[in-house]
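Trainee: One structure, as structure tokens, below. Some questions next.
The values are calculated or read from the model by the stated rules, or taken from the named source; none is laboratory data. Bear in mind the structure is a predicted one, so any value in this text is a computation, not a measurement. Here Cβ is always computed from backbone atoms with ideal geometry, including for glycine, and neighbour counts include all displayed protein chains. We work out accessible area using only protein heavy atoms, side chains counted, and drop any ligands, DNA or RNA first. Shrake-Rupley method; radii C 1.70, N 1.55, O 1.52, S 1.80 Å.
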Amino acid sequence: QGNRMYNFDEIIDRSVDKCRKWDYDYVCSRFGAVPKDFIPMWIADMDFKSPPEVIAGLRQIVEHGTFGYTYCFDEFYQAVINFQAKQHNADIAREWITLTYGTVSTLHYTIQAFCNAGDAILMNTPVYDPFALAAERQKVRVIANPLVAVNQRYQLDFEKLEQQIKEHQPKLYLFCSPHNPSGRIWTAAEIRRVSELCQKYQVILVIDEVHAEHILHGTFINALNEGCAHADNLILLTSPNKAFNLGGLKTSYSIIPNEQLRARFRQQLEKNSITSPNMFGVWGLIYAYTQGLDWLKALNTYLAENERYLYEFVSERLPTLKMMRTESSYLAWIDVSATGMNAYDFTHQLAHETGVVVEDGTHYVQNGEHYIRINFGTPKALIEQAMARLEDFVQRHSA
């Protein structure tokens, strides 16, 4: 019934958007020359329109015609509190919430606030590259804790984790939950163990929950749920951008229960004058969180169907590729090592020969060299075309 209201099969011409994903010159600058009829399945933004309720709300603002400075007003806080309670069963106090300009820049500010040059931070690899870039740009060392793939599903190596924490005494542990790039949803027990290790060794736990809204298989556990993470050393970063396809509005927020941590975090934001929001960003969040939930539910049904199609296609027709089940988000993580090619060569040749543009796993700090990441947040017809080209490519190269 949901899908009748929202048409996720509609193919929108995004080549006019000046968006990185679909801009021909931009794609060529990243991947080398690609055919004109390329299908981009790389950067994590979706090819669907945002919820009609968001579009209608923003249209009212446009028609009103005044775009002056704004501030974080009651409706913003209330939208966040209600959404986190309804979606994730998380009980949040208003003063815990701080508006920021996108999660990637927030990672930079967080490291600036709590680390000095020469300090260490910990992260599980492979992981979203800006985690490491944010550290390196502040001259902070990255301690990589490799995830262990067991039956095509990542597990945390707690023994090695504790050993690394003891040895390197990281100031922060950046934990991606659900995990990007694999889509793995961590259990309450896993998050609790991570949190307990951080407590034991006085590490601040920074959890990125940006991919928490697209749950395809299983149940998402929010770090603030009862018996999950300790609240006194927790910094939670999230945004509506992945969920509702609002990435270009550059608006996100942090949730920090501990008063001292929050004061230090806000002080750093003030140093950079991160104070008043982007008008469209703050209203986009409010409309999405208060009126976009039916759309989100219908979208997740559509994404789960795309994931199933992709998984079955890879399993049945591409035996040299191994895909992890994507439990959350719209990104498939696929091991290509059995083709005899590394991920870098695989993605670049695939792009040049077929125009199917995917990410290669070397962009995920460490331990992703044998993987590619495919964005399936797109109409199914495009996925079908891309898979036909991929199958042809793999057959030609596995001779």
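Trainee: With a ≥ b ≥ c taken as the square roots of the eigenvalues of the C-alpha gyration tensor of segment 136-287, please select rounded if a/c is under 1.5 and otherwise prolate if a/b is larger than b/c or oblate if it is not?
Mentor: Working: a/c = 1.80, a/b = 1.25, b/c = 1.44.
Oblate is the answer for segment 136-287, as a/c is 1.5 or above yet b/c matches or exceeds a/b.
Trainee: Order the peptides 25-33, 232-240 from the highest to the lowest mean number of other Cβ atoms within 10 Å of their residues. Numbers along the way, then the final one.
Mentor: Working: 25-33: 13.7, 232-240: 23.4.
Most protected by this proxy first, the peptides run 232-240, 25-33.
Trainee: Still on this structure, I have one more. Can you pull the Rg over Rh of segment 1-125, Cα-only, Kirkwood?
Mentor: Working: Rg = 20.0 Å, Rh = 19.5 Å.
The Rg/Rh ratio comes out at 1.03.
Trainee: Checking the cross-link filter: which lysines have an alpha carbon closer than 28 Å to that of Lys86, excluding same-chain neighbours under 8 positions apart?
Mentor: Straight-line reach from Lys86, under 28 Å: Lys49, Lys242, Lys250, Lys297.
Trainee: Same structure again: If each residue of separation counts as 0.36 nm, what is the full-extension length gain between Glu316 and Glu369 once their alpha-carbon separation is subtracted?
Mentor: Numbers: separation 53, 0.36 × 53 = 19.08 nm, distance 2.37 nm.
So the extension gain works out to 16.7 nm.
Trainee: List the chymotrypsin sites (Phe, Trp or Tyr not before Pro) within segment 32-77 that DSSP assigns to loop and that have no more than 12 neighbouring Cβ atoms inside 10 Å.
Mentor: Values: sites: Phe38, Trp42, Phe48, Phe67, Tyr69, Tyr71, Phe73, Phe76, Tyr77; in loops: Phe38, Trp42, Phe48, Phe67, Tyr69, Tyr71, Phe73.
For chymotrypsin sites (Phe, Trp or Tyr not before Pro) across segment 32-77 that sit outside H, G, I, E and B with at most 12 neighbouring Cβ atoms in 10 Å, the list reads Phe67, Tyr69, Tyr71, Phe73.
Trainee: I'd like the trypsin sites (Lys or Arg not before Pro) in segment 34-102 restricted to DSSP loop residues with at most 13 other Cβ atoms within 10 Å, sorted by number.
Mentor: On the way: sites: Lys36, Lys49, Arg59, Lys86, Arg94; in loops: Lys36, Lys49.
When the trypsin sites (Lys or Arg not before Pro) of segment 34-102 are filtered for loop state and at most 13 Cβ neighbours within 10 Å, Lys36 remain.
Trainee: First compute the accessible area of segment 40-116 with a 1.4 Å probe, then give the percent of it belonging to carbon and sulfur atoms.
Mentor: Working: 1880 of 3660 Å².
About 51 percent, which is the carbon plus sulfur part of the accessible surface.
Trainee: In addition: Tell me which of Ile11, Asn241, Asn145 sits at the most positive position along the dipole axis of the chain, charges placed on C-beta atoms (Lys, Arg +1; Asp, Glu -1).
Mentor: Asn145
Trainee: Let me ask you something else. Anything in the chain that counts as a DSSP H helix reaching 24 Å or more along its axis (C-alpha) with Kyte-Doolittle mean of at least -1.0? List them, would you? Write down the numbers at each step before the final one.
Mentor: Working: long enough: 293-317 (35 Å, -0.56); 380-397 (25 Å, -0.40).
Result, helices passing both filters: 293-317, 380-397.
Trainee: Moving to a separate point now. Run the quick spin-label model on Cys72 and Val150: label points 7 Å from Cα toward the beta carbon, then report their separation in nm to one decimal.
Mentor: 4.0 nm
Trainee: In the P(r) worked out for segment 288-387, what percent of Cα pairs fall beyond 24 Å?
Mentor: Values: 1238 of 4950 pairs.
Tail of P(r) above 24 Å: 25 percent of Cα pairs.
Trainee: Please report, in whole Å, how far the alpha carbons of segment 54-118 spread along each principal axis, starting with the longest.
Mentor: The principal-axis extents, from largest down, are 51, 30, 19 Å.
Trainee: Running a GNM on the chain with Cα contacts under 10 Å, which residue among Asp47, Asp294, Asp335 ends up with the highest mean-square fluctuation?
Mentor: Between Asp47, Asp294, Asp335, it is Asp294 that shows the largest mean-square fluctuation.
Trainee: Additional query: Quickly work out the Arg396-to-Ala263 label distance, labels modelled 7 Å from Cα along the C-beta direction, and quote it in nm with one decimal.
Mentor: Taking the simple label geometry, Ala263 and Arg396 are separated by 6.3 nm.
Trainee: With the crude spin-label approximation of a point 7 Å out along Cα→Cβ, what separation in nm comes out for His230 versus Arg137?
Mentor: Spacing of the two 7 Å Cα→Cβ label points: 3.1 nm.
Trainee: Another question, then. Rounded if a/c is under 1.5, else prolate if a/b beats b/c, else oblate: with a ≥ b ≥ c from the C-alpha gyration tensor eigenvalues square-rooted, which is the chain?
Mentor: Details: a/c = 1.65, a/b = 1.16, b/c = 1.42.
Oblate.
Trainee: Next up: Once amide H atoms are placed 1.01 Å from N in the peptide plane, what residues at a sequence separation of 5 or more from Val357, or on another chain, have their amide H within under 5 Å of its amide H?
Mentor: Ile39, Met41
Trainee: Okay, next question. Measuring with a 1.4 Å probe in the full set of protein chains, what accessible area per residue, in whole Å², belongs to the chain?
Mentor: Working: 17060 Å² over 399 residues.
Ligands and nucleic acids excluded, the result is 43 Å² per residue.
Trainee: A further question follows. Could you list which residues have their amide H under 5 Å from that of Asn124, counting only those 5 or more apart in sequence or on another chain, with H placed in the peptide plane?
Mentor: Long-range HN contacts for Asn124: Asn145, Cys176.
Trainee: For n ≥ 4 DSSP H runs only, could you compute -39500 (n - 2.57) per run for the chain, divide by its residues and tell me the 222 nm figure to the nearest 500? Display every interim value, and only then the final one.
Mentor: Working: 14 runs with 168 residues, N = 399.
Counting only the DSSP helices, I get -13000 deg cm²/dmol.
Trainee: State the percent of C-alpha pairs, over all pairs in segment 1-40, separated by a distance greater than 16 angstrom. Let's see the in-between values first.
Mentor: Working: 357 of 780 pairs.
Of the Cα pairs, 46 percent sit more than 16 Å apart.
Trainee: What is the Cα centroid distance between segment 1-66 and segment 343-385, reported in whole angstrom?
Mentor: 19 Å
Trainee: Compute the FRET efficiency between Ala381 and Thr290 as 1/(1 + (r/R0)^6), taking r as their Cβ-Cβ distance and R0 = 30 Å, and round to the nearest 0.05.
Mentor: According to the calculation, E is roughly 0.40.
Trainee: Have a look at the DSSP beta bridges in segment 125-225 and tell me what percent are antiparallel, nearest 5. Provide the component values of the computation, followed by the final result.
Mentor: Values: 2 of 8 bridges.
Antiparallel bridges make up about 25 percent of those DSSP assigns within segment 125-225.
Trainee: Using only the alpha carbon atoms of segment 206-262, find the Kirkwood hydrodynamic radius as the inverse mean reciprocal pair distance, in angstroms to one decimal.
Mentor: When all Cα pairs of segment 206-262 are included, the Kirkwood radius is 12.5 Å.
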